[in-house]
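Notes follow the structure.
The values are calculated or read from the model by the stated rules, or taken from the named source; none is laboratory data. Predicted model, so just to flag it, every value in this text is computed and none were measured. Glycine also receives a Cβ, built like all others from the backbone with ideal geometry; neighbour counts cover every protein chain displayed. The area values use the complete protein model at the heavy-atom level, side chains included, leaving out ligands, DNA and RNA. Shrake-Rupley method; radii C 1.70, N 1.55, O 1.52, S 1.80 Å.
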Amino acid sequence: MSESTRPAERPHGLPNTRTAAVIPAAGRGVRLGPGAPKALRALNGTPMLVHAVRAMARSRAVSLVVVVAPPDGAAEVRILLDDSALPETTEVRVVPGGETRQESVRLGLAALPEDIGVVLVHDAARPLVPVETVDAVAAAVRDGAPAVVPALPLADTVKEVRPREGGEPELVVGTPERAVLRAVQTPQGFDRGALVEAHEKVALQGEGATDDAGMVERLGVPVVVVPGHEEAFKVTRPLDLVLAEAVLARRRATDGF
């Protein structure tokens, strides 16, 4: 494990040498039920975190992956990754995380060496994102976009409601136009300077930021969308595990992995 270094201060849009991926994996994932943290739940016999690290490492654009582990579990995560078959061309570091996702991403950013100019932030709970999506996000940042998100058009009509306590029926207050809405995925890509500035200046309460692009938006930095992929879904509930296993089975049958 390497010592943390403060990111270099630099204007937005000036590319440095390399691209890194930060994977916050310190959460508990309570919606999957009791047991191990969500990122360590097995998918086809392999923890989701390992699948997610492999997904980032398969991209030729990514030369470093920083895994932000549970605060008291960094050593165990390091052992897990050392025992896994990961691409040898990509360096993998493990650092302890914080109490919120926002704090964990900030700690991951602090662990990056100075020659990293493009940062991808990826959810460990999206273990099956195709390499083409990772490449597209990284390429868009390198082409000059300060912030990039992969996203899909919505298949369902969306209603805006007025939340109510105690499970009472909620009042619909609006129906947004579906054609202008997108469901955002990860990895989200950033010019390092823009993301570091957002984490320094945007302080959110409670659980903090669950979407780094939203933090960058608050600074007035433009965020652009590239096409996402249906296999980059987030594993949140038990039914998602069933779907993920089916995707892996199809990949083994057609792609050999």
What FRET efficiency, computed as 1/(1 + (r/R0)^6) with R0 = 22 Å and r the Cβ-Cβ distance, is obtained for Glu200 and Thr89, rounded to the nearest 0.05?
0.10
With every protein chain kept in the model, how would you rank Thr157, Thr186 by accessible area, 1.4 Å probe, largest at the top?
Thr157, Thr186
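Arg142 to Val173: FRET efficiency via 1/(1 + (r/R0)^6), r the Cβ-Cβ distance, R0 35 Å, to the nearest 0.05?
0.25
Could you order peptides 166-173, 61-68, 222-229 by the average number of other Cβ atoms within 10 Å of their residues, highest first?
Answer by packing, highest mean first, reads 61-68, 222-229, 166-173.
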If every Lys and Arg gets +1 and every Asp and Glu gets -1 at its Cβ, then about the Cα centre segment 36-105 yields a dipole, in debye to the nearest 20, of 340 debye
I'd like to check one number: the per residue accessible area of the chain, probe 1.4 Å, reported in Å² as a whole number.
50 Å²
Could the peptides 80-87, 174-181 be put in order, highest first, of the mean number of other beta-carbon atoms found within 10 Å of their residues?
80-87, 174-181
Provide the percentage of antiparallel DSSP beta bridges, counting only those with both residues in the chain; round to the nearest 5.
40 percent
Once you charge only the Cβ atoms, +1 for Lys and Arg and -1 for Asp and Glu, what is the size of the charge dipole of the chain about its Cα centre, to the nearest 20 debye?
320 debye
The chain - percent of accessible surface contributed by carbon and sulfur, probe 1.4 Å
53 percent
Scattering curve values for the chain, log₁₀ I(q)/I(0), Debye with Cα scatterers, q = 0.12, 0.13 Å⁻¹:
-0.71, -0.84
Given charges at beta-carbon only (K, R positive; D, E negative), |dipole| of segment 113-229 in Debye
260 debye
